[in-house]
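First the structure, in the form of structure tokens, and then the observations on it.
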Amino acid sequence: MTEPLIYDLGAPGRRAVRMPESDVPLTEIPALMVRDELNLPEVSEIDVVRHYTRLSGLNHSIDKGFYPLGSCTMKYNPRINEDVARLPGFAGIHPLQDEETIQGALFLTFVLQEWLKEIGGFSGASLQPAAGAHGEFAGILMMRAYHLDRGDTKRSKILIPDSAHGTNPASTTMSGLQVVEIPSDERGNVDLESLRAACDDTVVGLMITNPNTLGLFEEQIEAVVRLIQNCGGLVYGDGANMNALLGVARPGELGFDVMHYNLHKTFGTPHGGGGPGSGPVGVSERLIPFLPGPIVETTQPGEGNDWEERPHHRLVMPEKSIGRMTAFYGQFSVLVRAYTYIRMHGPEGMRRIAEHAVLNANYLQALVSKIFPIPFGNRACMHEFVAEGKVEGSDVRALDIAKRLMDFGFHPPTNYFPLIVHEALMIEPTETESKQTLDRFARALADIAREAVQDPDSLFTAPHSTPIARLDEVKAAKDLVICRWGQSE
Ligand SMILES: *Cc1c(COP(=O)(O)O)cnc(C)c1O
């Protein structure tokens, strides 16, 4: 039996709220702003509550079940983050308030900057960018500004390995620079010969995702960094995969000049549905003047941890700043959640996050390797791994396997990415899942692989248990039809 949709629930004249009598003079709304073709439902409060409660359960979410979407770090978001973000002192402040009245918020911002510097091994940080890709864009603009500031005007290329995340070439192109793709070698590392051949005095820098999108740590990272530095380039690290490195390795110490963090992945703040995210950048000494601003400075550095006690903070624009990335101070409520997350875990906890993320991924990789081929599976993975969605004796594809997983109550892994693996299924369990969940997931994959041979149609026509059956994904994106909030077609 299908539940009634909101249009069926409504009736003419039904109301959820009654407005008070107006105590200000009435005025005409300009005709231009009034539409009468809108057919809006007329409903009571409980109709609305039931409608949205029903909708909230239709989608899969991390709160409903396992979400091994590779390269997205869909970890559990602790509820204490939400409690702290809702404290009136944080939730109620206005971005135009005087600095003197928001010292607590500036303190939190300052401390988070300091922690991110510490975690990544960087000398400066800005919390301005509002997403990972936004941080990449900021980083590329800083690298470009750095060369131009030195009068080095012939540099126009960014080298990007083919194992990079798709946003890397996109942000480079948006900045007006040219992308040069560098192939991977047979172990999944950057091919050093190709990199050497591409290095010259027209290179702005390298943009590298480490661990890369195969979930592999770049084994020759020091040689890679040296090659780039030798031709005068800078190194951009895509830090979205910091879940694997927290408390273990610091990219700044490897010679990276700039890196973005994804607070909404690594640092336990919610994401999905387009945001809100946050993509702060950490930088080496030479890029500090170019940081997007404003950033927070303390005017009383004090001794040791003294700045934690009674500091005074102010907003400053770095000397040669590339400018603002957002209208005000970044995604403040996300910053509060990330602060809470780091404070709750402490330095030891940070390291345990990475250890468990890597342990979980390797455990699952070992289970999955008995079911599907794993192209680079002859080495330990970091926080994620990529399997090939192929089954001998069947012509099912990765997409069919991904769709069928939904019937087992799991969100599908990322599929058809990275492009260097055909029929890619990119799986990231994260550290917050139990062994029992990982076992259950592997059993579902094994069942699906069996079905692929015995009853392939159940895969081709999957999913069967979701509110909407399989979509034509291209048509759904190009010819989007949204039923008016829940109205049947
Ligand atoms: C998610 C991700 C990004 C982009 O981050 P957004 O916040 O989605 O813009 C970039 N690189 C890698 C490796 C990622 O996983």
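Things worth noting here:
- Of the residues examined, GLY104 is not one that is away from the ligand (no atom under 16 Å from the Cβ) and either outside any helix (DSSP H, G or I) or free of Cβ contacts under 8 Å to residues at least 12 places away in the same chain (or both).
- Residues in segment 107-145 that are more than 16 Å from the ligand (Cβ to nearest atom), within 20 Å of SER171 (Cα to Cα) and part of a helix (DSSP H, G or I): MET142, MET143, ARG144, ALA145.
- Hey, LEU32 in contact (Cβ under 8 Å) with a residue 12 or more places away in the chain, part of a helix (DSSP H, G or I) and not β-branched (Val, Ile, Thr) or not: no
- Taken over segment 388-443, the criterion of being open to solvent by 50 Å² or more (accessible area, probe 1.4 Å) and either of a type in the set (Lys, Arg) or not in a loop (DSSP other than H, G, I, E, B) (or both) is satisfied by LYS390, ARG397, MET406, LYS435, GLN436, ARG440, ARG443.
- For HIS260: the one exception among (1) within 16 Å of the ligand (Cβ to nearest atom); (2) in contact with a Phe, Trp or Tyr (Cβ under 6 Å, 6 or more places away or on another chain): (2)
- Residue within segment 77-87 that is modelled with pLDDT of 95 or more, open to solvent by less than 60 Å² (accessible area, probe 1.4 Å) and on the phi > 0 side of the Ramachandran plot present: no
- Leading residue by the ranking (nearest to the chain's Cα centre (by Cα)) among those in segment 313-370 that are farther than 30 Å from CYS381 by Cβ and open to solvent by less than 10 Å² (accessible area, probe 1.4 Å): LEU335
- Identity of the residue in segment 133-175, polar (S, T, N, Q) and free of Cβ contacts under 8 Å to residues at least 12 places away in the same chain, that ends up surrounded by the most Cβ atoms within 10 Å (Cβ to Cβ): THR173
- For GLN97, the conditions (1) farther than 30 Å from GLN229 by Cβ; (2) in a helix (DSSP H, G or I) are fulfilled apart from (2).
- Residues of segment 15-49 satisfying the condition of being at pLDDT 90 or above and surrounded by 13 or more Cβ atoms within 10 Å (Cβ to Cβ): GLU42, VAL43, SER44, ASP47, VAL48
- Residue in segment 453-473 that is of a type in the set (D, E, K, R), surrounded by 10 or more Cβ atoms within 10 Å (Cβ to Cβ) and modelled with pLDDT under 95 present: yes
- Test: residue in segment 261-274 that is modelled with pLDDT of 95 or more, over 30 Å from ASP83 (Cα atoms), among the hydrophobic types (A, V, I, L, M, F, W, C) and open to solvent by less than 30 Å² (accessible area, probe 1.4 Å): no
The values are calculated or read from the model by the stated rules, or taken from the named source; none is laboratory data. Keep in mind it's a predicted model, so treat the numbers as computed, not measured. All Cβ positions, glycine included, derive from the backbone under ideal geometry; neighbour counts span all protein chains shown. Note: areas computed on protein heavy atoms with side chains; ligands, DNA, RNA excluded. Shrake-Rupley method; radii C 1.70, N 1.55, O 1.52, S 1.80 Å.
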